Every structure is written in C-alpha cells, then in structure tokens.
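Notes follow the structure.
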C-alpha cells in the first residue's frame, strides 16, 4: 500500500519537478561513477586530491548538457521504451569522451594525470547506473497494470489552438502521454507549449524511435489533403497508429468533444482539401422545387438524394431500373425526412415513361446520374452501353427541354476526355447531347440551364477501385492493380454530391463544369494505404511474412494509365466556387448531333456492336 502511495505521489508531481529530480540524480550518479572508478582501480578506499576532485565535479557538468541534447529528460520514465537504451549509451559515450579530453588537457598542464583504466571503468559504470536506474525506476514505480493503461505515447501534428486543446484534454484523461508537438512553423521549433516541446517535421522518425511513440494525432487544420497523404506514405514502414482530430467547425458545432479522435480513413488520403459547401448555392436550385434524380439507387445518386432531402425540396422523385436499391433508398429517405419521396422504376431510354414522370410531378430540376460505368463490362456490352448512356441521355434531355425543366445536370466522367474506352465515349456523347440542348434552350430564350459536371472517381462508388480493394482485403488478398504507375483522381461521395448541386446553381447553360480533384492518386499507393489502414502489413520481397500481397495484372482493354479532367488546361477558367472550374466552350458546332443519334439508334436496333463502337469513337473524337 505504501509503495502504491509512493507511486501515486511521484506520478502527480509536476513534470518540471520530475526533470529537476532526474538532473540532480544524474549529477550525483556521474560524480559517484568517477569516484567508484578510482576506487576499483586502486582497490582501496580513495580520497581524491584537488585535481581529481575537480575532474569528478566536471563529469556531471559535461554529462548533463549532453544528456539534455539527447533528450534524456524529455522521455517520461513510465513510458520509456526498451530501445531507448541505445540513446542513453550514445549520450553516456559522448560525455565520457569529452571528459577524457578534459583529463588529457589537465595532464598537459602538468597536474596529476588519470590512470588509463579510469575512463573505461567510468564509461561502464555510467552506462550501468544511468540506464539501470531509469529502467529500475520504471519497474519499481509503475505496476504492470498501470503500464498497460498508460502505454500510449503520442505526438500531436500541429501546435495550433486545436492541438493545444487536445493536449490539455489528453492530459486530463491521464491515459495518453503527449511527448511533443510536430509543426512546420520554424518560429515555434524548440519552444515549450504547455510544457511540451515543439519539433520540426524532419525529426519525426527520430522522435518515434527515441521516445517509443505509438500514436500520431493529426489536427485537420495542420495539414492539407495532399500533405496528409504524403505523411501517411512516410509512416508506412513505422509502427505508428495515425488518428485524426475532427475539424474545428465540427467541434464548435458540438458534434465532437475536443478529446474525440477518429481513425484515419480513405477520405483523409485524397490529394485535395474539401471546402465547406455554400448554403446559398445549395438552396438556390433545390428549395421548394420538384426534383428528379435518375440512377438514384447508385452510390452517387443515393448520396445526391440524401443531400437534396435536407434542402427542403417540394418533392423528390427517385428513378432507377434496380428494384432493390430504389426500395432501400426510399425506406431510408422516408425515415429521415418529411419531404415527399416518390420511387419510380424504369429505364431512362423509355420515352413514354420519362414524359409521364416529368409532366405528372412537374419536375423542375433533373440530376442525371443513371449510367453504366464499369469500364470492362461496358466494353463487353457495347450496344447496351450505348443504349443506356447515349440514347437514354438524349431521351431524358430532349423531353426535359420540352417539358420546361429549369435545371438539367448531367453527371459526367473524366473518362469522357479523349476517350479510350466505350464507357468514356458514351459519356462524351452525353456531354455533347447536353450541350446541344443547352444551345437550343438558349436560342429559344427559355432560360433553361443544361450543364455537364465532369469529375473523377468517387470513393466507395460501385465503379471505384476502393470497394474492390476492400473485398480483396476481407478475403485475405491479393490486391490486384493493373499497373504500378497508374493514377486516378478521387473525391468523397458526400463532397461530390454537394458540388454537383452547387455546380448546377452557378452554370450559365451549355457549360461543362469541372470539379477540382486535387492531385492524382497512384493506385498502388492507395492499395498499400488501404492494407495499412486495415491494420495489416504488405507482403513483398522486403517483408515475405506480411499479410496481404499486391499483384500487378496488366492494363485492361480501354484503360488509360492516367486520366484527364480537361482537353486543354489553359482553357479552364475559375468560377465563384473555388472547387468548381469552367471549361472553355468548344467552337465546333453540335448541329450534326440529332443525325448522329438517329444513326446510332438504327445501329443499336440492328445489334451491330462493331458499327456502334466505330460511330461512338468517330463522334466522340470529332
């Protein structure tokens, strides 16, 4: 009981007092080590003369500054990792070498010298006493159960307000020891904030190694999306758990406590920094309107519907060919919103059905998400891909213009730029169809807006590689990548849905608007990160005992090594939203499009896959 009380009193001491106590102990220990070295050398009780006494006093005066430089007073005894012994050995060795240099200088001045065995004995005894005392204190003062409870040592990335509040919260919980802050602000380096030292990013690996860090907490304001992804890549080979502090806006809104941390997820690895949605743009084209979402059962369509019902539309019609997905979505939306939600089963190529839906429900906004988008599948089913993606879009756009729909938004793809596969070619046709009807609406002065919104992959969508990787990880691997250098653009499905609505609000009609996707992500890096986020290791030549292997299977037909978001980067201009760009209007006329669509319909009726493919690419590349 007395020992436990003693442990508790030591634990509750201010850290500064503990450091002073440790410095004092080391000064006594180093002085004693020199005296004991003489004692062992002469094998009799030793009384030093004045020169020897000065050398004994010099030992701690030399040793303690070296120990400070090596951070021996920064690591807390209860969290001291076994590998810290090497740091202590280095510090002791350098202090002994400096002390020996002083002893030789003393000899040169004519004072009585130091026997040659003394430096070796002093080195051995110092290592034994300094290292042994610390590990003995760790073993004696903290019980095994307490050690388990307080085994988490962390670094906080970001010494700003959020990082400081988090450090205070973690201290009050007495479960996590904050070993330091990491920050790129050079003016903070070397400073103590709340008694915690601020280090530069360049020292990250050294700190993890020396202090036994097992957790890194990133404040979202400290790093951009690209920087976060690079940091994760840097930590791949280190045994460190990375967690994220929620955004300050979420904390102030009361969604989280400052001490609430979440594990890092795929969205944190995107090469972009999400921008909060503009409420005015979200409400502008949705509030009190009747809205139709095609392909509503898909990943993008369903998230779009979840966003729309929060914006108080007069009515939401969810349209899809898949019975199960539309049923599930209808149940979900009905449970969370008072908005009138009407499910409609059918194909977008069914003109009578589309005409009836538009007229019956007085549709004012159309968000066209319905499309076949699995590249290999569409490549094998050219005719049906063209029927759904091209003819379906033509039917929907034409009837929407005739019905007086105010806003028509097509969800396009980066694969529509210089298409190399059938899916991309059909999406390019869809963009041209929307542009044609936008031009026609402009000629008639109807004020209707037709716009295409083009972006890359959406994390978690059915056509994305992420669900495939998750499934492969669940089955124990291997993960299959088509090429080691293949890159793709990614964004979160929630942000995509919000940006689609905002893009529709800022369009001038006939536009192709581009969602700014940040930096392209290397697919192999994504695969490696997903393995690590699952708490597993990568199996390769360097680590043959790893959990999951990554296998390169080769590029499939129609796939590009790198996707593009625009034909000419110079022709892209900004809009009022920082994450939405406008592509320059193509000067080429689309007046030939109705004839091309009529020809495509004939080829589809004849089931002539080769001719359909040729016409798709001929028109898409013109």
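The values are calculated or read from the model by the stated rules, or taken from the named source; none is laboratory data. None of these values were measured; they are calculated from a predicted model. Ideal geometry is used to build each Cβ from the backbone, glycine not excepted, and the neighbour counts take in all protein chains shown.
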Exercise. Quick one: would you say residue 497 is in contact (Cβ under 8 Å) with a residue 24 or more places away in the chain, part of a helix (DSSP H, G or I) and under 19 Å from residue 397 (Cα atoms)?
Worked result: no
Problem set entry | Candidate set: segment 333-343, residues that are out of contact with any helix residue (DSSP H, G or I) (no Cβ under 6 Å at 6 or more places or on another chain) and in contact (Cβ under 8 Å) with a residue 24 or more places away in the chain; chosen: the one farthest from residue 285 (Cα to Cα) | 336
Exercise. Taking into account only those residues within segment 533-548 that are outside any loop (DSSP other than H, G, I, E, B) and under 22 Å from the mean Cα position of the chain (by Cα), which is modelled with the lowest pLDDT?
Worked result: 533
Exercise. What about residue 393, is it assigned by TED's automatic domain parsing to the domain that holds residue 503, free of Cβ contacts under 8 Å to residues at least 60 places away in the same chain and surrounded by 17 or more Cβ atoms within 10 Å (Cβ to Cβ)?
Worked result: yes
Exercise. Does segment 419-441 contain any residue that is at pLDDT below 90, assigned by TED's automatic domain parsing to the domain that holds residue 609, over 25 Å from the mean Cα position of the chain (by Cα) and over 21 Å from residue 619 (Cβ atoms)?
Worked result: yes
Exercise. Can residue 388 be described as within 22 Å of residue 616 (Cα to Cα), crowded, with 20+ Cβ neighbours inside 10 Å and out of contact with any strand residue (DSSP E or B) (no Cβ under 9 Å at 6 or more places or on another chain)?
Worked result: yes
Exercise. Being under 52 Å from the mean Cα position of the chain (by Cα), modelled with pLDDT under 80 and exposed (fewer than 15 other Cβ atoms within 10 Å of the Cβ), is that true of even one residue in segment 45-52?
Worked result: no
Seminar exercise, completed: For helices (runs of 4 or more DSSP H) lying entirely in segment 179-262, having 3 or more residues that are surrounded by fewer than 16 Cβ atoms within 10 Å (Cβ to Cβ) and modelled with pLDDT under 65 picks out 248-252
Problem set entry | residue 37 being crowded, with 16+ Cβ neighbours inside 10 Å, within 21 Å of residue 134 (Cβ to Cβ), modelled with pLDDT of 80 or more and touching a helix residue (DSSP H, G or I) at 6+ places or on another chain (Cβ under 9 Å) | yes
Exercise. Do we find that residue 477 is more than 21 Å from the chain's Cα centre (by Cα), in contact (Cβ under 8 Å) with a residue 24 or more places away in the chain, part of a loop (DSSP other than H, G, I, E, B) and crowded, with 18+ Cβ neighbours inside 10 Å in this structure?
Worked result: yes
Problem set entry | Checking residue 518 against (1) crowded, with 18+ Cβ neighbours inside 10 Å; (2) at pLDDT 70 or above; (3) on the phi > 0 side of the Ramachandran plot, the condition it does not meet | (2)
